[in-house]
Protein chains: 2
Amino acid sequence: MIDPSADRAVFRQLADLLRSQIEGGELAPGEPLPSELRLAQEHGISRTTVRQAIGQLRTEGLVTVDRPRGTFVRVPEPVEVITLGRGELASARMPTDAERRTYRLGEGVPVIVITAADGSTAVHPADRVQVTRP
Amino acid sequence: MIDPSADRAVFRQLADLLRSQIEGGELAPGEPLPSELRLAQEHGISRTTVRQAIGQLRTEGLVTVDRPRGTFVRVPEPVEVITLGRGELASARMPTDAERRTYRLGEGVPVIVITAADGSTAVHPADRVQVTRP
DNA sequence: CAGCATTTGTACGTATGTATC
DNA sequence: GGATACATACGTACAAATGCT
């Protein structure tokens, strides 16, 4: 239950609840979350607060929004494994808004940046790429 | 200038503006952004909209908030390089709220997950760790 | 010490736009 | 056309923490 008098903010409590339903499998990958309006009514909170909770899950990469169809539990992408070349370094960071559109990244998906010895870089979506060694 | 009649949402225009000031060095690492109230007044928009813009920059890891002191351009962390062991895989994703607190991660900072051959995993903050091969 | 101003966080409400079904 | 659902943007109010007077 959501307790407005609790120490933890209401929108965080709702995010925790939905997250645990996702991690527990009650909300399976590809399934829609209840609509913002429904969640607001069911828990007796405002739609603004519901949106804050869903925003949290979006930044965590747990859900994706297909407007205006609904909000869905993210489906894992097939993963490609990339082998590091000699002198290459791999790092990760969040993309900017422009990069998100360029690489068609979902929200909450980091990019993996491979830097070669000569300083050139390659960018990969972190939900579709893993890195290994030879 | 911010144009409410433009195609791009107002909060995205403000995020673009601040981002370019950060990337251009006008707002240097460690420097505070103008307060939310100031930004709202200067651009003739509501504080709600300003907060959306700053929220965008937070998810990109460009700024950190030290409440209630202000919002600051993120200062780069010293980076440690980790060498992948035999059969290890590196991936990246966003941390959950709980992981953020456990590892004391700033907002907008992904984690790098190293999976060993036996399936065990280690988690590292992506702003302080890079990965290389032997 | 108390009191005040500043700044971000939370939560509410309303209205309108836009895309899908 | 109508209903649904998410996006954007405005407003208000109060809470909490910090720093200054």
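Bear in mind these aren't lab numbers, they're just calculated from the coordinates by the rules spelled out. Everything numeric here is computed off the predicted structure, so don't read it as measured data. Cβ atoms come from the backbone with ideal geometry, glycine included; neighbour counts cover every protein chain shown.
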Calc'd 3J(HN,Hα), segment A:26-39, phi into Karplus 6.51 cos²θ - 1.76 cosθ + 1.60 (θ = phi - 60°), Hz, glycine/Pro = x, comes to 5, 10, 7, x, x, 6, x, 6, x, 5, 4, 5, 4, 4
Quick check: Cα centre of segment B:87-122 to Cα centre of segment A:81-113, how many Å?
15
How far, in nm to one decimal, is B:Asp3 from itself in the other copies if the label point is set 7 angstrom along Cα toward Cβ? Shortest first, please.
5.2
Any idea what angle helix A:10-23 forms with the longest principal axis of chain A, computed on alpha-carbon atoms, 0 to 90 degrees, nearest 10?
60
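Restricting things to alpha carbons, find the Rg to Rh ratio for the protein assembly as shown using the Kirkwood radius for Rh. List each step's numbers first, then the result.
Values: Rg = 19.5 Å, Rh = 20.0 Å.
Across the protein assembly as shown, the Cα-based Rg/Rh ratio is 0.97.
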Return the whole-Å distance between the Cα centroid of segment A:1-41 and the Cα centroid of segment B:1-16.
31
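With a ≥ b ≥ c the root eigenvalues of the C-alpha gyration tensor of segment A:33-86, is it rounded (a/c under 1.5), prolate (a/b larger than b/c) or oblate?
On the way: a/c = 4.32, a/b = 2.79, b/c = 1.54.
Note, shape of segment A:33-86 comes out prolate.
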Averaged over A:116-125, how many beta carbons belonging to a partner chain fall within 10 Å of each residue's beta carbon?
0
Sort A:57-63, A:6-12 by the packing proxy (mean of other Cβ within 10 Å over each peptide's residues), most packed first.
A:57-63, A:6-12
On a 0 to 90° scale, report how tilted helix A:47-59 is relative to the longest principal axis of chain A, with both axes built from alpha carbons and the result rounded to the nearest 10.
20
Mean ellipticity per residue at 222 nm, deg cm²/dmol - from DSSP H runs of n ≥ 4 across chain B, formula -39500 (n - 2.57)
-9000 deg cm²/dmol
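Taking a quarter of the surface of the Cα convex hull of segment A:1-73, what do you get in nm²? Please list the in-between numbers first.
Details: hull surface 18.4 nm².
Average projection, Cα convex hull of segment A:1-73: 4.6 nm².
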Classify chain B from the C-alpha gyration tensor, please: rounded if a/c falls under 1.5, else prolate or oblate depending on whether a/b exceeds b/c.
prolate
For A:Pro32, go 7 angstrom from Cα along the Cα-to-Cβ vector, then report the distances to that same point in the other copies in nm, smallest first.
4.6
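Using only atoms on other chains, find how many Cβ atoms lie within 10 Å of each Cβ of peptide B:28-36 and report the average.
Numbers: counts 0, 0, 0, 0, 0, 0, 0, 0, 0.
If you average over the peptide's residues, the count of other-chain Cβ atoms is 0.
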Label geometry 7 Å along the beta-carbon vector: B:Arg67 inter-copy distances in nm:
2.5
